[in-house]
1. In the neighborhood of A177, defined by Cβ-to-Cβ distances under 14 Å, what is the net charge if each Lys or Arg adds +1 and each Asp or Glu adds -1?
2. Could you tell me how far the Cα centroid of the stretch 83-149 sits from the Cα centroid of the stretch 1-32, in Å?
3. For the chain, modelled as a Gaussian network with Cα springs under 10 Å, which listed residue fluctuates most, G175, G161, G68?
4. Hey, rough spin-label estimate for Q152 and A210, points 7 angstrom out along Cα→Cβ, what's it come to in nanometres?
5. So, by mean Cβ neighbours within 10 angstrom, what's the order for 2-8, 110-116 with the highest one leading?
6. Taking R0 as 22 Å, what's the FRET efficiency between A63 and T219 from their Cβ-Cβ distance, rounded to 0.05?
7. Taking the chain as a Gaussian network, Cα atoms linked when under 10 Å apart, which of A185, A69, A165 shows the biggest mean-square fluctuation?
8. If the chain between K2 and D196 were fully stretched, how many nm would it gain, using 0.36 nm times the residue separation less the Cα-Cα distance?
Amino acid sequence: MKRHVGFIHTALANEGLFDRLLNEIAPDMERHHVIDEEALRLARESGATSTDVERRIAETVAAMTDDGAAVILCTCSTIGGAADSAAGSTGRHVLRVDRPMADKAVASGRRILMTATLESTLEPTHQLLTESARRAGKQVTIRRELFADAWQCFERGDLDGYNRAIAEGVRTSLGDAEVVVLSQASMMGAEALLGDVGAPVLSSPRLGVAAAVGAMRVTR
């Protein structure tokens, strides 16, 4: 059984995105993807850290580790807290994709515009940013913005429309923000449309994959 990096996704579209990023950063690294759309549905219905969600993710992590995953990256920000809990309860090496982004956001500015297209992502990401700020010993102001209409584009498979809607929302909401956080991995495509807003715009996938690759190289 080959040791590999494992990915837990809650949207099928993210498998291709993370595969491409891993091919750019560590093309020879073995990988395995698990798609669990039901975990996101449960999180939206019963809460991101409900017992059902945490049990489901812990079981998934255990099964993936038994199959040879040395490091597991959870690519869904909504269930990031459940991934953290799974790491603690199973003792496995589980990373959440948005933690490196949160740490970089806190290092980049004190006034953070946190954006999402799913309401269920807002509270987990806010908690993560607050935790990153506490660890860094910084006082930050976090302003939340939800672009719910954009998610309808994503569900239709209209990724260009999704990215444009996010970019428009960021431009409208920017205000005096010193850094913009695109909370969900699916929002990465909007980053390229916002290079001229005058503040760093951060998304999680590339930073998360780099962290997983680094962890894999240490565990070998």
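1. +2
2. So the two Cα centres are separated by 22 Å.
3. G175
4. 3.7
5. The peptides rank, most packed first, as 110-116, 2-8.
6. So the FRET efficiency works out to roughly 0.75.
7. Taking springs between Cα atoms under 10 Å, the residue moving most is A165.
8. Full extension of this stretch gives 65.5 nm more.
Where a number appears in this text, it was derived from the coordinates with a stated rule and is not lab data. Worth saying up front: this structure is predicted, and the values here are computed from it rather than measured. Cβ: placed from backbone, ideal geometry, glycine included. Neighbour counts: every protein chain shown.
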